[in-house]
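Inspection log for the structure reproduced underneath, given as structure tokens.
Please treat every number below as a calculation from the coordinates, not as lab data. Note that the structure is predicted; figures quoted are calculated from it, not measured. Every residue, glycine as well, gets a Cβ built from its backbone with ideal geometry; the counts of neighbours run over all protein chains shown.
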Amino acid sequence: MSKNNKVEHFIERGLFASRWLIAPIYIGLTLGLVLLVISFAQEIYHLFAQLPELSQTDAILGILSLIDLSLAGNLLLIVIFSGYENFVSKIDTSDHEDNPEWKGNVDFSSLKLKLIASIVAISGIHLLKVFMDMEKYAQTQIMWQVIIHLVFVVSGVLLALMDLLAAKAKLLKK
């Protein structure tokens, strides 16, 4: 092996090993999931503490908050699992009976679409909460929240369209 090949090999091994630098970020995201669980427990506690005087609208708003937290947790799990597997290392849980079916099958393109779909769902639930309690918000606040939600929706559609076009282009090359 020539000196240039040795240097190149050393650099490439170092670059490949650098993928482990992102692993602590996934650990941090896991801690973020713990925060969501605590927030979920607090929301449940507040809902049950207010149960005697809880109106139907307040109950629905509380449940929508729980759904919001659930979707955020699902989003975090998708990012943690697929990000780790795509960029760091495969997670070997094949012998575990609860191994998620989608784990290992989410590539970067699928991850983008799952992320934007989750963001749109979370934004939609938040907007529904706003619509159910409109008297608490100024008209301009509602307008901006609708605009932001529409931007998320349009972004999701455009991302899906770009992936579709890229997949068709790849098929045409074959």
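Calculated over segment 127-174, the projected area of the Cα convex hull averaged across directions stands at 3.6 nm². For segment 44-59, 3J(HN,Hα) computed residue by residue from phi via the Karplus equation (6.51, -1.76, 1.60; θ = phi - 60°) reads 4, 4, 5, 4, 6, 5, 8, 3, x, 10, 6, 7, 4, 4, 5, 5 Hz, glycine and proline entered as x.
Remark: segment 29-35, residue by residue, has Karplus-estimated 3J(HN,Hα) of 5, 5, 5, x, 5, 4, 4 Hz, where x stands for each Gly or Pro and the curve is 6.51 cos²θ - 1.76 cosθ + 1.60 at θ = phi - 60°. The relative contact order of segment 3-173, computed from alpha carbon pairs under 8 Å that lie at least 6 residues apart in sequence, is 22 percent. Expressed as a whole percent, the proportion of Cα-Cα pairs in segment 3-173 lying more than 24 Å apart is 57%.
Couplings 3J(HN,Hα) for segment 162-174, derived from phi with the Karplus relation 6.51 cos²θ - 1.76 cosθ + 1.60 (θ = phi - 60°), are 4, 5, 4, 5, 5, 5, 5, 5, 5, 5, 5, 6, 6 Hz, where x marks Gly and Pro.
Charging the Cβ of each Asp and Glu at -1 and of each Lys and Arg at +1, and nothing else, the dipole of segment 3-173 about its Cα centre rounds to 1020 debye. Extension gain for the segment residue 74 to residue 41, taken as residue separation times 0.36 nm less the Cα-Cα distance, is 10.3 nm to one decimal.
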